[in-house]
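This report refers to the structure that appears directly beneath it.
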Amino acid sequence: MACNVYIKFVLVVCVSWSVSFAVAQPFKAVNLGNWLVTEGWMQPSRFDGIHNKDLLDGTQVQFKSTKLQKYICPENGGGTIVVANRTSASGWETFRLWRINENTFNFRVFNKQFVGLSQQGSGTGLVAESNDPSNSETFQIEKENDNSNRVRIKANNGCYLQAISEDKVTADFQGSGWEDSNPSVFSMTVLSDKTLRGEYQITNGYGPDRAPQVMQDHWNTYITDDDFRFLSSNGINAVRIPVGWWIAKDPSPPKPYVGGSLKALDNAFTWAEKYGIKVIVDLHAVQGSQNGNAHSSSRDGYLEWGDSYIQDTVDVIDFLAKRYGNNPSLAAIELMNEPVAPGVSLETLKKYYQAGYDAVRKYTSSAYVILSNRLSADSKELLSFAGGLQTRVVIDVHYYNLYEGKFNNMNAQQNIDYINNDRSSQLGALTTSNGPLVFVGEWTGEWKINGASKEDYQRFTKAQLETYGRATFGWAYWAYKCQFDHWSLKWMIEKQYITL
Ligand SMILES: *[C@@H]1O[C@H](CO)[C@@H](O)[C@H](O)[C@H]1NC(C)=O
C-alpha cells in the first residue's frame, strides 16, 4: 500500500516534470521558407520582371579603366581618396551597390564608407569618406548598350568620372565616346557568385510602383489553405514560418519593404487552427542583419546587427507575442535565426535573448521560446544560459550535410554514417535532463552527391528522421516548396522520397 502511494507520487512528479520540460509529442515540422521572407535561390524566376536585374542591392562590382588598364580602388579600403592604380582586383577593389533606381546607385567600399565627391578643392576629387550616402554619393551607371559591361559613371554634378591618372579619379569629364583611350570608360566586372537575392533586393528591385502587387500576388498564392491540408494529411504537425522585422511595421513598413505580410501570417494561423497544425514564428531577418545572408534581408552582405539594434528587435518580438501569444495554434517564437559568430558576439546575443524571452513572457507562459545557436560557434555555448531562463526554452540547431568541405567527397553511406554517428552525438551532447529542449529547426534531404538514386535519398532521409526524431522539441524540414526538388518536402512526400 505505502509502496503504491509512493509510486503514484513519483508518477505524478514525473508527469508534471515532463509536462513542463518536454512537448507531449515532438514536432514534425516544415519550414515555410521563401514565403514571407524571400529567398531568391529557391525560386529565381520571381526576379525576372526586374529591370536591370543584374544590378541589385549588394551586387559586387569592380571597375577597370580601359585607358590605364588599372582597377579603381579606395585607398586603404576606404576612409580617404580613390585611386586607379591596381593591376588586380580583390576586396578593396570591390564595390557593393546600394540601388536607388535601376540606373542609379551608391557604391559601398570594403570599410563600409560610400564613394562620393570630396568637399575639398574643386569638389570633383573622388573619395570614400561618407558613412551616410547623400546626393554627392549617388551615381548613374550608363552601359555602352544593354548587354555591355563597358560603362561610364555619371556623378550628381552632371560630369562623368575619369581615371585622370593612376593616383587620381575625378568627376569632371564632359566628353562622350566609348573608345578604350577615353578615360571615362570602365569595364565593369559583376561578381555573379556573390549576388544577393533576398527580400530587400526583390522589393527594391521592383521598386515602389510594382513591388506591392508582386509581393501580394506571391503571398496569396505561394502558401494557401490547401498546403496546410496537405501537410496535416501527411503527418506534419507544425510549421516554422520565417518572418522579417518589417512585419511589425505592417501595413506601412519602411522602404523598400511593402505591407501585407502580416495578413498572410494571420491567414496561416487561421489555416493552422483549421487543420490542427502548430505554428512556430521565426524572426528570420532582423534589422541590420545577423549573418549578412540574403535570407536575413541584408542589403549588401554586411552583418551589422549588434547592441544598438537590440531594442528594435525586442520590439518586433513584443509585437509578435502580443498578437499571437494567446492564439491556440502558437507553439513557439524563435527570437532570431542563425546569428553568426564572431560578427554577433555571445554577450550581445545573450543580452538580446534575455530581453526577447522576457518580452514573450509578458503575453504567454505556454509558448516556447526558441534560441538559435550561433553558426560557426560551439553548439553548447548557450546551454547553461538557456537553462537559467525559467521554462519552456528551446535551442535550435541546423543540420545540413552541405556548406562544409568535409561533405564534398562523401558517398551515400558516408553521409548516412555521419547522421547516425556525428549528428547523433552532437544532438546527444545538447540534450540534458533539466536543460532546454532541442530542435533541429532546419535540415534537408539534399546533399553534395550528384545523381544519387531514389533509394539513396530514401535511406538518407530515413536516417535523419530517426536521428532528429530524438530531438526533444522535434525537427523542421527545409523547406516546403522549392524549385530544387530535394529541398521541397512537398515533392519529397509526393514522390515518396520521404515517408513520415
Ligand atoms: C596607388 O596610389 C596611391 C596614391 O598615390 C599610393 O599611396 C599607393 O601606394 C599606390 N598603390 C600602388 C599599388 O601603386
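For residue 331, the residues whose modelled amide H falls within less than 5 Å of its own, excluding neighbours fewer than 5 places apart on the same chain, are 279, 280, 281. Look at where the Cα atoms of the stretch 217-295 and of the stretch 387-414 average out, and the two centres are 23 Å apart. Out of residues 5 or more away from residue 303 or on other chains, whose amide H comes under 5 Å of its own, with H placed 1.01 Å from N in the peptide plane? Residues meeting the criterion, in which the H sits 1.01 Å from N, do not exist here.
Pairs spanning more than 27 Å between alpha-carbon atoms, out of 64/406; 112/194; 53/454: 64/406; 53/454. From the alpha carbon centroid of the stretch 22-87 to that of the stretch 125-155 is 17 Å.
A straight Cα-to-Cα reach below 19 Å connects residue 322 with the aspartates and glutamates 250, 266, 273, 282, 312, 334, 358, residues fewer than 8 places away in its own chain not being considered.
When only Cα pairs below 8 angstrom with a gap of at least 6 residues are kept, the chain shows a relative contact order of 15 percent. When you filter the chymotrypsin sites (Phe, Trp or Tyr not before Pro) in the stretch 406-500 for DSSP loop state and at most 16 other Cβ atoms inside 10 Å of their Cβ, you are left with 484.
In percent, rounded to a whole number, the relative contact order of the stretch 303-368 is 54, using alpha-carbon pairs under 8 Å and six or more apart. Applying a DSSP loop filter and a limit of 15 other Cβ atoms within 10 Å to the GluC sites (Glu not before Pro) in the stretch 158-211 leaves 166, 179. Listed values for the stretch 323-334 are Karplus-derived 3J(HN,Hα) couplings in whole Hz (6.51 cos²θ - 1.76 cosθ + 1.60, θ = phi - 60°), namely 6, 10, x, 9, 6, x, 8, 6, 9, 6, 10, 9, and x replaces Gly and Pro.
Given a cut-off of under 8 Å on Cα pairs at least six residues apart, what relative contact order in percent is computed for the stretch 230-360? Relative CO of the stretch 230-360 lands at 26 percent.
Between residue 213 and residue 112, the simple label model (points 7 Å from Cα in the Cβ direction) yields a spacing of 3.9 nm. Full extension of the chain segment joining residue 156 with residue 54 gains 34.5 nm, where the gain is 0.36 nm per residue of separation less the Cα-Cα distance.
Going by alpha carbons, how many degrees (0 to 90, nearest 10) lie between the helix axis of 261-275 and the longest principal axis of the chain? The angle comes out at about 20 degrees.
Rounded, prolate or oblate: which fits the stretch 302-390, taking a ≥ b ≥ c as square roots of the Cα gyration tensor eigenvalues, rounded meaning a/c under 1.5, else prolate when a/b beats b/c? Because a/c hits 1.5 or more and a/b exceeds b/c, the stretch 302-390 counts as prolate.
Looking at the stretch 264-336, none of the GluC sites (Glu not before Pro) sits in a DSSP loop with at most 14 other Cβ atoms within 10 Å of its own Cβ. Can you classify the stretch 60-192 as rounded, prolate or oblate using the Cα gyration tensor, where a ≥ b ≥ c are the square roots of its eigenvalues, rounded means a/c under 1.5, and otherwise it's prolate if a/b beats b/c and oblate if not? Rounded, because the longest to shortest axis ratio a/c is under 1.5.
Computed from backbone phi, the HN-Hα couplings of the stretch 340-350 come to 10, 8, x, x, 9, 7, 4, 4, 5, 5, 5 Hz, rounded to whole numbers (Karplus: 6.51 cos²θ - 1.76 cosθ + 1.60, θ = phi - 60°; Gly and Pro given as x).
The shape of the chain comes out prolate: with a ≥ b ≥ c from the C-alpha gyration tensor, a/c is at least 1.5 and a/b beats b/c.
Throughout, read-outs are computed from the coordinates displayed, never taken from laboratory work. Quantities reported herein were computed from a predicted structural model and do not represent experimental measurements. Every residue, glycine among them, receives a Cβ derived from its backbone with ideal geometry; neighbour counts consider all protein chains shown.
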